[in-house]
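For reference, the structure is listed below as structure tokens.
The values are calculated or read from the model by the stated rules, or taken from the named source; none is laboratory data. What you are looking at is a predicted structure, and each value in this text was computed from that prediction instead of being measured. Here the Cβ positions follow ideal geometry from the backbone for every residue, glycine too, while neighbour counts run over all protein chains shown. For accessibility, only protein heavy atoms count, side chains too; no ligands or nucleic acids. Shrake-Rupley method; radii C 1.70, N 1.55, O 1.52, S 1.80 Å.
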Amino acid sequence: MLSLCRRPVVRVLLVILLLGMTGLVHAATATVRLVSLEYPPYIQTSDGPVDGVAVRVVSRTFAKLGYDVEIEVLPWARALYQVRTGLADGIFTIFKTSEREAFLDYSEQILFQQGIRFVHRPDVSISEDAIQSFNFSAYSVCVINQVSYGSRMDAALAQNQFDQVFRLTRAPQCLRMLESGRSRLWLSNHFGARALISQLNMKGIVEINPHPIEDTPSYIAFSKVQGLSALRDQFDHALADMKATGEYQAIIDDFFND
């Protein structure tokens, strides 16, 4: 006799086999379904199966809790839709906004601290004063649709403080816009820009501005529709332990030393 118990979030398959007078129970490992964006070096699929420094940290944390993870890389707007509607259990790495807190339970532990920078061609000049004063009216900028770049920059984008804003679905598209001159700036986290510029052999074609715009914490967050606050608390506890023991930093170091 086969019995299937499907909980709405963490899917657990219980198989009951009755052999004569003896019952044998086999319980499959629980699986947490996560979504994310192609966001090297945090999440990347260019070399085959999904990998990245954030993927390794998240997978290891869940493994300590006894869970497998299934990670699907999607356009960001679709990833947000899946956690908003409960089609996915969680999403990472994600910045915190009041709009998102309406449908997501964020971890208390910071997954990564992400420094936001402008990327541009060497012949494009933007001064530290312009960055500090948020004076961007002379510049067009490329961003990823529905990605948050921190509260201050999100407000600048919403208030049309740039000459033009191109909202695309993938970061390589923004790099190509810089290369062609269609956009003067691209907004990205520092590590992500470095990884993608190297991957696409664009060193010397574009450069990362040395002046940081904002250092923004990023998190893992869980679908409120699924009622996963208890799982969020377990994740927080496990990640805090990994940071305290040095395991978190070791995962990061091993990734960049591969």
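Structure above, values below:
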item: Cut-off under 5 Å, modelled amide H: who pairs with Gly115 long-range; result: His190, Phe191, Thr216
item: Phi-based couplings in Hz for the range 144-150 (Karplus 6.51, -1.76, 1.60; Gly and Pro marked x); result: 8, 4, 6, 7, 8, 10, x
item: Mean separation of Cα contacts under 8 Å (6+ apart) over length of the chain, as relative contact order %; result: 25 percent
item: The range 133-139 - phi-based ³J(HN,Hα) in whole Hz, Karplus 6.51/-1.76/1.60, Gly and Pro as x; result: 8, 6, 9, 10, 5, 8, 10
item: For the chain, size of Cβ-based charge dipole, Lys and Arg +1, Asp and Glu -1, in debye; result: 700 debye
item: Value of [θ]222 nm, deg cm²/dmol, for the chain, DSSP H segments ≥ 4, -39500 (n - 2.57) each, nearest 500; result: -10000 deg cm²/dmol
item: With DNA, RNA and ligands ignored, accessible area of Arg117 (1.4 Å probe; Å², nearest 10); result: 40 Å²
item: Charge dipole (the chain, unit charges on Cβ, about Cα centre) - positive-most of Leu185, Ala130, Gln226; result: Gln226
item: Positive-end residue of Gln109, His120, Thr61, charge dipole of the range 58-150 with Cβ unit charges; result: His120
item: ³J(HN,Hα), Karplus 6.51/-1.76/1.60, whole Hz, each residue of the range 236-250, x for Gly, Pro; result: 4, 5, 5, 5, 4, 5, 5, 5, 5, 8, x, 5, 4, 5, 5
item: Tilt relative to the chain, helix 171-180 - C-alpha long axis, 0 to 90 degrees, to 10; result: 20 degrees
item: Environment charge of Ser125, counting only residues whose C-beta is closer than 12 Å and scoring Lys/Arg +1, Asp/Glu -1; result: -2
item: The chain: antiparallel DSSP beta bridges as a percent of all, rounded to 5; result: 65 percent
item: Environment charge of Ile144, counting only residues whose C-beta is closer than 11 Å and scoring Lys/Arg +1, Asp/Glu -1; result: +1
item: From the coordinates shown, mean projected area of the Cα convex hull in nm² corresponds to which of (1) 13.0; (2) 14.5; (3) 16.1; result: (3)
item: Cα-based reach from Lys224 at 21 Å (exclusive), listing lysines while leaving out same-chain residues under 8 positions away; result: Lys96
item: Assigned charges on the beta-carbon of Lys, Arg, Asp, Glu; the range 200-258 dipole about Cα centre (debye); result: 260 debye
item: Angle in degrees between helix 53-64 and the longest Cα principal axis of the chain, rounded to the nearest 10; result: 20 degrees
item: Relative contact order [Cα under 8 Å, 6+ residues apart], the range 105-212, whole percent; result: 44 percent
item: Degrees, to the nearest 10: 76-85 long Cα axis against longest axis of the chain; result: 40 degrees
